[in-house]
Amino acid sequence: MNFLDFEKPIAELEGKIEELRHLSDSDEINIAEEINRLQVKVDRLLRASYGKLTPWQKTQVARHPDRPHASDYIERLVSDFTPLAGDRCFAEDKAILGGLGRFRGQSVMVIGHEKGRDTESRVRHNFGMARPEGYRKARRLMEMADHFSIPVITFVDTAGAYPGVDAEARGQAEAIARSIETCLDIRVPLLSVIIGEGGSGGAIALAAGNTILMLEHSIYSVISPEGCASILWRSGDAAKDAAEALHLTAQDLQRLAVIDDIVPEPLGGAHRNPELAITSVAEHMDRALKSLALVEGGVLRARRRDKFLEMGKIGLP
Amino acid sequence: MNWLTNFVRPKIQSLVRPREVPDNLWDKCPQCGHMIFHRDLAKTLWVCAHCDHHMRMSVKARLDMLFDGAAYQRIELPKGLVDPLKFRDSKRYTDRLKDSQAKTNEQDAVVVAHGRVGGVPVVVAAFNFAFMGGSMGIAVGDGIVAAAELAVLQDAALIVVPASGGARMQEGILSLMQMARTTVAVAKVREKGLPFIVLLTDPTTGGVSASFAMLGDIHIAEPGAVIGFAGARVIETTIREKLPPGFQRAEYLLENGMVDMVVHRHKLAETLGRTLGLLRHRGAAGQLLPIAVDLPDSFEAEPGV
């Protein structure tokens, strides 16, 4: 288990519990009691700290290495998953996964940023930072879904599009722009779930959907708090202040009508109980897809476009 | 302070009539360093006569240069939501806005005007880099949407002239949303069969380049303009090496297939007029040409081909 800075007191208590568990072989009854007492304390601490996470703490939770990733959601929720590769122009970009499958029996096209779990897979997936090929693949798959009248589900989890010489040379900006354009053009339901980090243009390239769900402790922002701090505060140390100022939490984004619904996370964040987190996302996805399924394709497209044309009419009180 | 500066100089100055001397008569070319008199700059459209460097120019000069006979009508943009997040860094965002408004005498970073280019009716949305780096927030989104709607209404072509560092951070997620918003706006122009031309000027980066600015039917770039998604500094710190010379310049994009042409500023208006005339089936003077509907017999496809 990886612990975040603000989780230190929790980590200490859990360490103690672990020690006591080892001792409990020497059959003393009050050890079990002590463990229970500590567990209650841990839960109380978790509830207290996770009940009022600051935007900066949420940023850390959203980036937690043990948080369920797109591949975890696909594995648990999508049967018959059939990965599809390549942009048909240049390469296959593993920072964005995509493919056909079934969600609760229904054919779906699934597309998602994948950050990777260990060093080897992180490198393979380029830490979830896509190059133009990734966005062009996403576009190809969305168009295919449109062609076969299959709903699209996207899982958004990226620090942003990859800033590299090769990415620029092959038209990173154009690839993102076209991906956004395709999101707004298809006549099938587009459901986006922000499961971790929604980083700037690289995120909205997959997230201009009919319905946008966000996990309770995920973030979605025009720029990373660190990037914003270094530009506006001229110091990376101000990331905490920038996170506050950017209002990048699910709760604030719902107030701004940028997202539609928040999926509650298990106590202590999705990384403490990935199973439960994924199940609760699935319930929300099911509900959203069912209501979108009733709407005719042209209307879906028109409503999606109108929704984004209206963006910026509602501010924070 | 001594008696000379204190006493003699004021006396001497009062003898000759006090004259207002503007302090910005001379500009320095950022590339070759030559000092250029402001009138000469206006004459050369802010292109350095010594090294041909295309300097940034004001929105007014840009519009004067693009429209036929410098004749155009500016439109008033809707007053949208200001400072939706009550954003504050070392300074309040509303104060930054006021400073920029005072400095530029404009409400925000985009100006929309309509008129004719090469005789063809067009709506132009031009960015003002001097206004918070031309960054795109709700007001700029409003401008692009208004320009697109006007183009559809007037059956006119749409030309957008970005000069922008990207999204306006101070409006947070709502500035990111303008990428999707402007994408819908320009899609509506294209769906009406109207040309959408992007004239990429220095700089066009970030959220502006990754939305409407890369979705034109035709992309024309000014020489030397920086155009790209990620900022050069971000890339350098990511890959930890120096960037190749000319990286993200207009000519580099041309080489890489991202723009149709790189056109000298002195030839821009002519190029735009000619291109629009071709797209809209008009002659050089902007007269509508009849399109042959019935093809002559000789045009019939040969059987078996």
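The values are calculated or read from the model by the stated rules, or taken from the named source; none is laboratory data. Keep in mind that what you see is a predicted model, and the values were worked out from it rather than measured. Glycine also receives a Cβ, built like all others from the backbone with ideal geometry; neighbour counts cover every protein chain displayed.
A few remarks follow.
- Of A:208, A:203, all but one fail to be within 12 Å of chain B (Cβ to nearest Cβ) and assigned to a loop (DSSP other than H, G, I, E, B); the exception is A:208.
- Number of positions in region B:101-140 that are under 16 Å from residue B:167 (Cα atoms) and of a type in the set (Ser, Thr, Tyr): 1
- Residue, surrounded by the fewest Cβ atoms within 10 Å (Cβ to Cβ), within region B:62-116, restricted to residues that are under 18 Å from residue B:135 (Cβ atoms) and hydroxyl-bearing (Ser, Thr, Tyr): B:90
- Residue within region A:266-279 that is within 22 Å of residue A:117 (Cβ to Cβ) and β-branched (Val, Ile, Thr) present: yes
- Residue within region B:204-221 that is more than 10 Å from every other protein chain (Cβ to nearest Cβ), aromatic (Phe, Trp, Tyr) and touching a residue at least 24 places away in the same chain (Cβ under 8 Å) present: no
- Taken over region B:222-240, the criterion of being among the hydrophobic types (A, V, I, L, M, F, W, C), touching a helix residue (DSSP H, G or I) at 6+ places or on another chain (Cβ under 7 Å) and facing another protein chain (nearest Cβ under 10 Å) is satisfied by B:227, B:229, B:230, B:235, B:239.
- Whether a residue is of a type outside the set (D, E, K, R), within 25 Å of residue B:62 (Cα to Cα) and surrounded by fewer than 16 Cβ atoms within 10 Å (Cβ to Cβ) was assessed, and residue B:219 does not pass this test.
- Matching residues in region B:88-123 - criterion: being among the charged types (D, E, K, R) and under 17 Å from residue B:147 (Cα atoms): B:106, B:108, B:116
- Output for region A:211-238, where each listed residue is under 15 Å from residue A:58 (Cα atoms), without any contact (Cβ under 8 Å) to a residue 40 or more places away in the chain and assigned to a helix (DSSP H, G or I): A:226
- Residue that is farthest from residue B:212 (Cα to Cα), among those in region A:284-306 that are in contact (Cβ under 8 Å) with a residue 12 or more places away in the chain and among the charged types (D, E, K, R): A:286
- Looking across region B:143-156, the residues that are touching a residue at least 24 places away in the same chain (Cβ under 8 Å) and either surrounded by fewer than 24 Cβ atoms within 10 Å (Cβ to Cβ) or assigned to a helix (DSSP H, G or I) (or both) come down to B:143, B:144, B:145, B:146, B:147, B:148, B:149, B:150, B:151, B:152, B:154, B:155.
- Region B:74-90 residues that are on the phi > 0 side of the Ramachandran plot, paired with ones that are not aromatic (Phe, Trp, Tyr) (beta carbon under 6 Å, 6 or more apart): B:83/B:94
- Helices (runs of 4 or more DSSP H) contained entirely in region A:1-79, each with at least 2 residues that are at pLDDT below 90: A:8-23, A:29-51
- Within region A:240-278, the set of residues being away from every other protein chain (no Cβ under 12 Å) and part of a helix (DSSP H, G or I) comprises A:240, A:251, A:270, A:271, A:272, A:274, A:275, A:276, A:277, A:278.
- Of the strands (runs of 3 or more DSSP E) lying entirely inside region B:24-82, none contains at least 1 residues that are closer than 19 Å to residue B:263 by Cα, of a type outside the set (Ser, Thr, Tyr) and not assigned by TED's automatic domain parsing to the domain that holds residue B:139.
- So residue A:201, is it in contact (Cβ under 8 Å) with a residue 60 or more places away in the chain, buried (at least 24 other Cβ atoms within 10 Å of the Cβ) and of a type outside the set (Ser, Thr, Tyr): no
- Leading residue by the ranking (farthest from the other protein chains (Cβ to nearest Cβ)) among those in region B:83-102 that are outside any loop (DSSP other than H, G, I, E, B) and hydroxyl-bearing (Ser, Thr, Tyr): B:100
- Of the helices (runs of 4 or more DSSP H) entirely within region A:91-182, those holding at least 3 residues that are more than 13 Å from chain B (Cβ to nearest Cβ) occupy A:119-124, A:132-147.
- Look at (1) more than 9 Å from chain B (Cβ to nearest Cβ); (2) crowded, with 23+ Cβ neighbours inside 10 Å; (3) not β-branched (Val, Ile, Thr) and you find that residue A:221 fails only one, number (1).
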